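Read the structure below first, then the notes.
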Amino acid sequence: MHEHENRADPGWYPTPSGEQRYWDGSQWLALPAPEVSQIVPASGSRRLWIWGAVVTLLIVGIIVGTGSFVIADRNRARAAAEASVQAAEEASIRAAEEAAEEAASIEAAEEAAQREQDREDREERNSRRETVTEIEESISEMAEGHIAQGILDGQVISTSCSPVAGGSLEDLTEQTTVFDCFVATEDNGDGTMYGYHYHSTMNWNSGDYTYGFGAP
């Protein structure tokens with residue numbers, strides 16, 4: 001019977017002295033010992049490469065991620081700036097609209113006040129003309145009394161009063177007006193009248209007036 005021999009697989013093996021010898025499966029070969037780096041298992045090199053690749057990918061990921069964050073921050077800052085500008089423009093538009101509305105409101109109020117003032121002025125001028133008519137009637141009565149007493153001749157045909165000394169019924173700032181009143185008692189037939197002068201002074205503040213015989 002033959003005994004079965006267990007033989008080691010071919011490969012480099014360490015010697016007791018720490019060197020390396022090659023076994024071809026049946027005998028030791030006198031091959032020069034390889035350098036240590038050459039006998040490092042291929043799997044170890046692959047692991048180192050894999051770890052290097054992983055580290056590289058991590059670094060690239062960090063750089064890309066950081067760049068993404070920077071871009072995102074810039075986009076947010078740009079969006080915030082645009083929103084701020086838009087808000088400022090909208091606020092400016094609202095302020096302009098409010099100012100225009102306020103100006104229109106003020107203008108409308110001023111126009112309404114002016115219309116009211118014009119109405120009051122018209123009423124005041126009409127009131128003054130009516131007062132002049134009242135003064136003329138009072139002077140006509142006085143002249144008729146004078147005629148009845150024999151102080152004057154003729155009869156009252158008409159009486160007219162006009163402001164003197166530059167007075168005017170249209171000037172509402174004038175608070176006192178002096179009138180020269182002419183009482184016509186005879187028609188001359190040539191477009192002129194004969195008569196007598198009277199005078200009157202009107203106080204527009206109090207609404208009182210005085211009148212009498214003779215020119216002012």
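A few points about this structure:
- Close pairs from segment 125-143: first farther than 16 Å from residue 185 by Cβ, partner open to solvent by 70 Å² or more (accessible area, probe 1.4 Å) and not in a helix (DSSP H, G or I), Cβ under 7 Å, at least 6 apart: 125/170; 135/211; 138/211
- Checking the stated criteria, residue 184 turns out not to satisfy the condition of being without any contact (Cβ under 8 Å) to a residue 60 or more places away in the chain, out of contact with any strand residue (DSSP E or B) (no Cβ under 7 Å at 6 or more places or on another chain) and hydrophobic (A, V, I, L, M, F, W, C).
- Filtered by the rule that a residue be over 16 Å from residue 128 (Cβ atoms), open to solvent by less than 60 Å² (accessible area, probe 1.4 Å) and either polar (S, T, N, Q) or assigned to a loop (DSSP other than H, G, I, E, B) (or both), segment 193-215 gives a lone residue, 214.
- Top-ranked residue of segment 165-184 - restricted to ones that are part of a strand (DSSP E or B) and not hydrophobic (A, V, I, L, M, F, W, C), ranked as farthest from residue 131 (Cα to Cα): 180
- Selected residue (only one of 93, 62 is at pLDDT below 80 and of a type outside the set (Phe, Trp, Tyr)): 62
- Total residues in segment 120-164, condition of a type in the set (A, V, I, L, M), under 16 Å from residue 182 (Cα atoms) and in a helix (DSSP H, G or I): 6
- Scanning segment 152-177 for residues that are open to solvent by 50 Å² or more (accessible area, probe 1.4 Å), in contact (Cβ under 8 Å) with a residue 24 or more places away in the chain and aliphatic (A, V, I, L, M) returns a single hit, 157.
The values are calculated or read from the model by the stated rules, or taken from the named source; none is laboratory data. Keep in mind the model is a prediction, meaning the values are calculated, not measured. Using ideal geometry, Cβ is built from the backbone for each residue, glycine included, and neighbour counts are taken over all protein chains shown. Side chains are part of the model used for accessible areas, which takes the heavy atoms of the whole protein and leaves out ligands, DNA and RNA. Shrake-Rupley method; radii C 1.70, N 1.55, O 1.52, S 1.80 Å.
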